[in-house]
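Sending over a structure as structure tokens; questions will come in a sec.
Please treat every number below as a calculation from the coordinates, not as lab data. Predicted, not measured: the structure shown is a model, and the values here were computed from it. Because the Cβ atoms are built from the backbone with ideal geometry, glycine has one as well, and the counts that use them run over all protein chains shown.
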Amino acid sequence: MSTKPVITLLSDIESALRQQISAHPEIQTMLTDQHDYSLCELIEKMTQANLCDHPLFLKLMRLDAARCQLEIGLYGVCCDCEATIEAELLIADPLEQRCSNCNNQFKREHRQELRLNH
């Protein structure tokens, strides 16, 4: 699998997330300077500001995980069972971390937790 299209796609996702972050007042108040924050720095700043449950934080974490997987040659591999994640899942969500079987099991196991968060 060629990684260049995936790198481009993840970069586009990162750009979109950075635009959403820059437009979000709650997050912008913690970014006091014009520093170009890395993903890790953004994650750290949001953690320090107790924004770990914020949807943008969760997307940043998933993006960071996808980038790490790409760097070590495991992009598209399920984080639970290590099977190949179905292409249609990665097309629908390039940040997907689980195959459909593990994703369904994860959702069943965390159904109560998911209900409490919404």
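Which helices count as membrane-span-like in the chain under these terms: full DSSP H, at least 15 Å along the axis by C-alpha, Kyte-Doolittle mean of -1.0 or more?
Qualifying helices, which must be both long enough and hydrophobic enough, are 4-22, 55-71.
Once the dipole of the chain is set up with Lys and Arg at +1 and Asp and Glu at -1 on Cβ about the Cα centre, which of CYS102, THR8, THR84 lies farthest towards its positive end?
CYS102
Moving on. Pairs of Cα atoms under 8 Å, at least six residues apart: use those to get the relative contact order of the chain, whole percent.
About 19 percent, as a whole number.
Name the long-range amide H neighbours of VAL77: under 5 Å, sequence gap of 5 or more, or other chain; modelled H, no Pro or chain starts.
The answer is ILE85.
Moving to a separate point now. Efficiency by 1/(1 + (r/R0)^6): what FRET value for SER38 and SER2, r their Cβ-Cβ distance, R0 = 25 Å, to the nearest 0.05?
Between SER38 and SER2 the formula returns 0.50.
Rounded, prolate or oblate: pick one for the chain, where a ≥ b ≥ c are the square roots of the eigenvalues of its C-alpha gyration tensor, a/c under 1.5 means rounded, and failing that, prolate if a/b is larger than b/c, else oblate.
Here the chain falls in the oblate category.
Ok, one more. Taking the Cα centre of the chain as the origin, how large is its charge dipole in debye, to the nearest 20, when only Lys and Arg (+1) and Asp and Glu (-1) carry charge on their Cβ atoms?
Computed charge dipole of the chain: roughly 280 debye.
Once R0 is set to 22 Å, what does the formula 1/(1 + (r/R0)^6) return for the Cβ-Cβ distance between THR29 and CYS52, expressed as a FRET efficiency to the nearest 0.05?
About 0.85, to the nearest 0.05.
Ignoring everything except DSSP H segments at least 4 long, calculate the 222 nm mean residue ellipticity for the chain; use -39,500 (n - 2.57) per segment, divide by total residues, nearest 500.
-18500 deg cm²/dmol
Shifting gears a bit: Kindly state, to the nearest 0.05, the FRET efficiency for ALA83 paired with ARG18, given R0 = 41 Å and r defined as their beta-carbon distance.
Once the sixth-power term is evaluated, E becomes 0.80.
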